[in-house]
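Heads up: the structure comes next, in structure tokens.
The values are calculated or read from the model by the stated rules, or taken from the named source; none is laboratory data. Not measured: the values here are computed from a predicted model. Positions of Cβ are backbone-derived with ideal geometry, glycine not excepted, and every protein chain shown enters the neighbour counts. The protein model used for the area step is the full one, side chains on, heavy atoms only, and it has no ligands, DNA or RNA in it. Shrake-Rupley method; radii C 1.70, N 1.55, O 1.52, S 1.80 Å.
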Amino acid sequence: MTPQRRHVLLAVLLSAAIGASGCSTVSRLNPFHGSSGSKESAAEGPRISILQPEEQLTPAAALKGVDFSLPPAAPVADWPLPGGTLEQSVENIDAAPSLAIVWRRGIGQGTNNAIHITAPPIEAAGRVYTMDAEAGVSAHDARTGAEVWRVNLRPTDNRRDRESFGGGLAFLDGKLYVSSGFRFVAQLDAASGRLGWRTRTDEPIHAAPTVADGRVMVVALDNSLLTFDATTGQPGWSYQALSEPARILAASSPAVSGDTVVASFGSGELVALRTANGNDLWDEALSRASRTSALSEIRDIPGRPVIYRGDVFAVSHSGVFAATDLRSGQARWSLPVVGITSPLPVGDVVYVVSKTGQLICASRDSGQIYWTRDLNQGFVGKRRGGFFGIGGSRSIRPIWSSPILADNRLILTGSSGDLIAVNAKTGAIEKRVDLGAPTLLSPIAAGDMIYVVTDNAQLIALR
């Protein structure tokens, strides 16, 4: 990690900690705390926050009592990419009506203070494929969870690299494609785990690849889109977005529709390119400035862009949730939503989860709001120690994953360790399942099962 990036990351962590911790934590971080001299106490009375809260969205009066259409639930045989398809878009899935846990299996090294699991599971040809926090890839029988094979791809020459963790998976035509924070892209035989090729990259890759038109496409940590020949691993064309050192240590997978690939970057750029040669078609900046929040300057779009019926949907950490015409790049509408996940467009609506836990249902055509639901309403939780063990105990509001739609219920997982099912028409929480460990990875569905990977490296199947 370069000194500049390390300092920026530390500043982000400190900003987040001060925002989340109480006054006692701030005073302990204050270098003048405890110095000699007279002490002054604030007078009693109301306190007025100088920090502007996230803008609250309200349902549109014109949509009150108006119904919307969702496609009927249909079975999905495979889920070969984190978003399910090349467009990173799957509609209503017929799977796991009871949401009962039927098995759980360990997949390797879990998340800790230094490394993180960033790869959602994928499923193809009756097997679920997973990747742990240290480039350990494994295949499991989709019905029983039994391990079929396991291979450790972690290099031995970069154990001190602080950005080397996680990565992601994609499946196509019997091959498993791997991208890694350990600075490589690789191809494995999906049946045996045998290595086909491995290509070194200059920067870590924390998200899954997308494979289309004979190319493996990945977004690297330096805001570049890299491509590789799917057969040989030879590098192809690349695209460099704007440099942005202040970003979330995550990245998104590109979405592909026809001859167009859409990628998002830590700079807040949403870019459409030709898959054949990388020629740029259009770009849009999903960012807005805030004079009251330094964290709004992190413009990252860490969630996958989603292509659905000719539009691209994406949400940024800087507070822009937008629908963009795929062909022209013209913005159709936008909403002030701070998000780190992928939207879910389906039928007449699009769902998105904000960083504070607001689940929003909006008209896909106009962006008007049907309803919102605070997923953290009534949540009570304590975590001892505050930031770096100081500041006493404090409440932690859960962060929620990108949703999928299964049997007319939105399925999400959270840092609270819960999986929840939300009525897609009303926003009411219908069921809650204790997974036993936190996760921020969105669930996937295949056959009649839903699969989840937790932070402690457990692959869980629900039916």
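Of note:
- Take the conditions (1) assigned to a loop (DSSP other than H, G, I, E, B); (2) more than 14 Å from Gly84 (Cβ to Cβ); (3) open to solvent by 10 Å² or more (accessible area, probe 1.4 Å); (4) at pLDDT 95 or above; Glu430 misses just one of them, which is (1).
- Within region 262-274, residues that are on the phi > 0 side of the Ramachandran plot sit with their Cβ atoms under 8 Å from residues that are small (Gly, Ala, Ser) and open to solvent by 10 Å² or more (accessible area, probe 1.4 Å), at 6+ positions apart or across chains, in these pairs: Gly268/Ala285; Gly268/Ser287.
- Members of region 113-134 found to be open to solvent by 50 Å² or more (accessible area, probe 1.4 Å) and either out of contact with any Gly (no Cβ under 8 Å at 6 or more places or on another chain) or more than 12 Å from Gly167 (Cβ to Cβ) (or both), listed by number: Asn113, Ala114, Ala125, Arg127
- Sole residue being assigned to a loop (DSSP other than H, G, I, E, B) and under 16 Å from the mean Cα position of the chain (by Cα), chosen from Pro302, Pro345: Pro302
- In region 450-463, the residues that are in contact (Cβ under 8 Å) with a residue 60 or more places away in the chain form Cβ pairs under 9 Å with partners that are of a type in the set (Lys, Arg) and part of a loop (DSSP other than H, G, I, E, B), at six or more places apart or across chains, as follows: Ile450/Arg463; Ala461/Arg143.
- Residues in region 135-144 that are closer than 22 Å to Lys175 by Cβ and open to solvent by 10 Å² or more (accessible area, probe 1.4 Å): Asp141 only.
- Condition check for Trp197: aromatic (Phe, Trp, Tyr), part of a strand (DSSP E or B) and under 19 Å from Gly106 (Cα atoms): no
- Members of region 342-375 that are modelled with pLDDT under 95 and either among the polar types (S, T, N, Q) or more than 20 Å from Ile429 (Cβ to Cβ) (or both): Thr356
- Within region 200-210, the set of residues being crowded, with 24+ Cβ neighbours inside 10 Å and part of a strand (DSSP E or B) comprises Thr210 only.
- Residues satisfying the stated conditions in region 238-258, i.e. at pLDDT below 95, aliphatic (A, V, I, L, M) and touching a Ser or Thr at 6+ places or on another chain (Cβ under 8 Å): Ala241, Leu242, Ala250
- Region 433-463 - residue that is open to solvent by 40 Å² or more (accessible area, probe 1.4 Å) and in a loop (DSSP other than H, G, I, E, B) and, of those, nearest to His116 (Cα to Cα): Asp455
- Some residue of region 145-156 being part of a loop (DSSP other than H, G, I, E, B), surrounded by fewer than 18 Cβ atoms within 10 Å (Cβ to Cβ), under 20 Å from the mean Cα position of the chain (by Cα) and free of Cβ contacts under 8 Å to residues at least 60 places away in the same chain: no
- Filter result (β-branched (Val, Ile, Thr), crowded, with 22+ Cβ neighbours inside 10 Å and closer than 21 Å to Pro204 by Cβ) within region 75-112: Ile107
- So Ser334, is it among the polar types (S, T, N, Q), under 18 Å from Gly367 (Cβ atoms) and modelled with pLDDT of 95 or more: yes
- Some residue of region 178-187 being in contact (Cβ under 8 Å) with a residue 60 or more places away in the chain and of a type in the set (Phe, Trp, Tyr): no
- Cross-chain or 6+ apart pairs with Cβ under 6 Å, region 275-297 first and at positive phi, then of a type in the set (Val, Ile, Thr) and at pLDDT below 95: none
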